[in-house]
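A short worksheet on the structure shown next.
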Amino acid sequence: MTYDFDTPIERRGTDSQKWQKYAGRDILPLWVADMDFRTAPEIIAALQERVAHGVFGYARPTPAQVEAVVGTFAARYGWRVDPAWLVWLPGLVVGLNVTARACAAPGEAVLCTTPVYPPFMTAPAHQGRAVITVPLALDAAARRWEVDWDALERAVTPQTRLFFLCNPHNPVARVFRREELARLAEFCRRHRLVLCADEIHCDLILDALPHVPAAALDDDLARRTITLMAPSKTYNLPGLGTSLAIIPDAGLRRRFEAATAGIVAEVNGLGYTACAAAYRDGEPWRQALLAYLRGNRDFLADFVARELPGVGLEAPIEATYLAWLNVAALGLQDPVAHFEAHGVGLSAGRYFGAAPGTYVRLNFGCPRAQLAEALARMKQALAARPA
Ligand SMILES: Cc1ncc(COP(=O)(O)O)c(C=O)c1O
């Protein structure tokens, strides 16, 4: 089967958060991380069948749905997950908040590296936990974002209980290698930290690199790890609110579940249906999507290098459909406002922990023609910079 990622799908006037932000204005939204593609036809067919059943009672996943998930983890990453380890959640941000609450007492700390997906910093704050941030280091010659291990050692305190890892990384689009994860495992062991590994982007690796689930590294790390996963980014299903925490250790799982009691909503039947269909039947579509995103990434990288002087894509995009662009050299006080004024909606780097005015994040999960139009507008925006 061939899949069409080129034909634009009208999302204006729909429930899309991404498009509603700029309703009535000619601004192409390349901000929040969902894609402008229709999900896999195989998933749509499964949802249609489920809708036709017509009964939408309180839901539990069927054994076959659970098997679709754990079977894919085993086949794709060689990771054997016992179904008993799964805790279903209506979203990964919920998972970050619950983890902070379950694994650190009020005032105790969560450690993470920046820049990073904003809820890594806001979740601990929402739960009254401290957050300690350590900047990733850019090795400009190697064109690579690295963990600054010395800074991490200096930052960790006796009150630190948790490390939040984003792998593959939003927004720097890196896939951490096995050696780095092993070093992180040693760090967490030595400082008695729970590792919360957000691996939501792991099926969006664009280069020939394996995804290594942190919990699959060794049994000791598995016992101290909460892995957060979802089919939502890859199959463009985030609006269906279906995510997973995978917690091998029974005691840690009980703590996590206790922190959800009474406040975390259950996942709905449509979410389970879509999730199972994605993992069971969505592989041909995913492969086609990855090929398309690779094309978009290469087009973007080439355009930035040739046509957007002063905009830096400082490292290769190994995974995700997100580009982390250094715009500091443009000297704009508010780069997002400037690009919006020229018809492109981006995410401000400061929400990810970058200094104001230095970075923007661009979502290239859209038809190539739309990406091309957005980049052409960015070129015009550079030409129209205040002197
Ligand atoms: C690293 C990361 N975690 C979590 C999420 C959001 O997860 P959810 O929509 O399930 O809350 C995103 C969305 O962009 C993300 O990039």
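Derived value for the stretch 1-92: Kirkwood hydrodynamic radius 17.0 Å. Basis is the mean of 1/r over every pair of different alpha-carbon atoms.
Near the amide H of VAL131, within less than 5 Å, lie the amide hydrogens of VAL110, all on another chain or at least 5 residues away, with H placed in the peptide plane. Amide H to amide H distances under 5 Å link LEU28 with VAL344, GLY345, where only residues 5 or more positions off or on other chains count and H is placed in the peptide plane. Distance from the C-alpha centroid of the stretch 322-338 to that of the stretch 1-61: 29 Å, rounded to the whole angstrom. Placing +1 on the Cβ of every Lys and Arg and -1 on the Cβ of every Asp and Glu, with nothing else charged, gives the stretch 286-348 a dipole about its Cα centre of roughly 240 debye.
Where a ≥ b ≥ c are the square roots of the eigenvalues of the C-alpha gyration tensor, would you call the stretch 108-156 rounded, which needs a/c under 1.5, or, failing that, prolate if a/b is larger than b/c, or oblate? Judged from the Cα gyration tensor, the stretch 108-156 comes out oblate (a/c at least 1.5, b/c at or above a/b). In terms of its Cα atoms, the stretch 82-176 spans 43, 31, 24 Å along the principal axes, sorted from long to short. Springs between Cα atoms under 10 Å define the GNM used for the chain, and in it the highest mean-square fluctuation of SER347, SER243, SER16 occurs at SER16. As a proxy for reagent exposure, ranking TYR321, TYR351 by other Cβ atoms within 10 Å from fewest up yields TYR351, TYR321. This ranking places THR157, THR7, THR227, THR133 by how few other beta-carbon atoms lie within 10 Å of each, fewest first, which gives THR7, THR157, THR133, THR227. Would you mind classifying the stretch 115-227 by shape? Square roots of the alpha carbon gyration tensor eigenvalues, ordered a ≥ b ≥ c; an a/c under 1.5 is rounded, otherwise it is prolate if a/b is larger than b/c and oblate if not. It comes out rounded by the Cα gyration axes.
Look at the dipole of the stretch 3-115 built from charges on Cβ: of ALA52, SER16, GLY107, the Cα furthest out on the positive end belongs to GLY107. Under the convention that each Lys and Arg Cβ holds +1 and each Asp and Glu Cβ holds -1, the size of the dipole of the chain around its Cα centre is about 620 debye.
By other beta-carbon atoms within 10 Å, ranking ILE263, ILE44, ILE246 with the fewest at the front produces ILE263, ILE44, ILE246. By its C-alpha gyration tensor, with a ≥ b ≥ c as the square roots of the eigenvalues, how is the chain shaped: rounded for a/c under 1.5, else prolate for a/b larger than b/c, else oblate? It comes out oblate by the Cα gyration axes.
State the Cα centre-to-centre distance between the stretch 242-285 and the stretch 152-179 in whole Å. The stretch 242-285 and the stretch 152-179 have Cα centres separated by 23 Å.
Values quoted throughout were computed directly from the atomic coordinates according to the rules given, and no laboratory measurement underlies them. Quantities reported herein were computed from a predicted structural model and do not represent experimental measurements. Note that each Cβ is placed from the backbone with ideal geometry, even for glycine, and that neighbours are counted across all protein chains shown.
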